[in-house]
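Asker: Below: one structure in structure tokens.
The values are calculated or read from the model by the stated rules, or taken from the named source; none is laboratory data. Worth saying up front: this structure is predicted, and the values here are computed from it rather than measured. Note that each Cβ is placed from the backbone with ideal geometry, even for glycine, and that neighbours are counted across all protein chains shown.
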Amino acid sequence: MNARMDGLLLVDKPLGFTSHDAVAYIRRVLGEKRIGHTGTLDPEATGLLLLLVGKASRLARFFELDYKKYRAVMRLGAETDTQDKAGQVVCECPVPELEPAGVEEVFRRFTGIITQVPPIYSALKQGGVPLYKLARAGGEVERKPRQVTVEALVLLCIDGPEIEFEAHCSKGTYIRTLASDMGRALGSCAHLTALRRISVGGYNVEDALAISARPDKVEAQGRLIPIDRMLPWLPGAVVSDDAARRVMDGRSPEAGEYLVLPSGLGEGAAVRVLSETGAMLAVAESAGDAAVPLRLKVVLV
């Protein structure tokens, strides 16, 4: 019999692969159909992609709020319809003399809660249809501005018209759009020429399996992070053995069945439900009920 494969796999997506390509590749390597990812990367981007394998695929929603860190290069002087080098040039602009102080001042203006208009060539859906499909059909698409959070922008290098930087930002931030908007703020126009995701939450690309190295099943299986070690940032509630059996049947434990129950949980806060041996049985949410303080959302056993 084949051993079950459930857990988190960090992969380093190569240039030219879509996120779907990466999932399909690892499905073939592992021989496991139940694999999903926690956030897309454009084909023109490389770097960290989090793949959830087997039962772990049920936990995708709990990774959605993680902050991400990118290393990027933007080139001033030209803007493209896709906001990256894959697109067609739609306008050209003179490039001003770039000084670190001036670039860092613009970076400060784009740090914090900012508003972005999502790029037309993106997987974001409108009326159930991805924007890029609407764009290719030639239709005009109204896109609503969205608020995102940029925690930090760090200038790494200025090389002629190119600026290399790191961005630490929230889910939903488009680095392509950030580069385009900052290019205008610098008195020019710009597009992204390179993008690499280097971390998601506490996970780093240095620990990822490189798809470009063509890993085999043994290597990929050996890199799986087991379910019990996933979501370490969520508080843990420990239940008795009797309650653990009820959790396995999909029933929420009652207040007296917890050996450990985190305090100060806000309404709807996510919590790992653990056995006495530390195995993660489920993820629950705070219910604000004295009798049933946590309600099961995802059962993993």
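Asker: Please identify the pairs in which a residue from the stretch 47-73 that is at pLDDT 95 or above has its Cβ atom under 7 Å from the Cβ atom of a residue that is in a strand (DSSP E or B) and of a type in the set (Phe, Trp, Tyr), counting only partners at least 6 apart or on another chain.
Answerer: Within 7 Å, the pairs are 48/203; 50/203; 72/165.
Asker: In this structure, is residue 267 in a helix (DSSP H, G or I), under 29 Å from the mean Cα position of the chain (by Cα), outside the structural domain of residue 76 (by TED's automatic domain parsing) and surrounded by fewer than 18 Cβ atoms within 10 Å (Cβ to Cβ)?
Answerer: Answer is no for this residue.
Asker: Something else: When the stretch 189-201 is examined, which residues are found to be buried (at least 20 other Cβ atoms within 10 Å of the Cβ) and assigned to a loop (DSSP other than H, G, I, E, B)?
Answerer: Hit for the stretch 189-201 is 189, nothing else.
Asker: Quick check on residue 241: is it modelled with pLDDT under 90 and either farther than 30 Å from residue 27 by Cα or not assigned by TED's automatic domain parsing to the domain that holds residue 32 (or both)?
Answerer: For residue 241, the condition - modelled with pLDDT under 90 and either farther than 30 Å from residue 27 by Cα or not assigned by TED's automatic domain parsing to the domain that holds residue 32 (or both) - is not met.
One line per residue, one yes/no per condition, for (1) of a type outside the set (Asp, Glu); (2) more than 30 Å from residue 118 (Cβ to Cβ):
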residue: 141; (1), (2): yes, no
residue: 157; (1), (2): yes, no
residue: 170; (1), (2): yes, no
residue: 181; (1), (2): no, no
residue: 195; (1), (2): yes, no
residue: 220; (1), (2): yes, yes
residue: 236; (1), (2): yes, yes
residue: 239; (1), (2): yes, yes
residue: 254; (1), (2): no, yes
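Asker: I would also like to ask the following. Among the residues of the stretch 143-181, what is the count of those that are of a type in the set (Phe, Trp, Tyr) and within 19 Å of residue 105 (Cβ to Cβ)?
Answerer: 1
Asker: Next up: Among 272, 196, which is the only one that is closer than 23 Å to residue 60 by Cβ, within 19 Å of the chain's Cα centre (by Cα) and not assigned by TED's automatic domain parsing to the domain that holds residue 44?
Answerer: The conditions single out 196.
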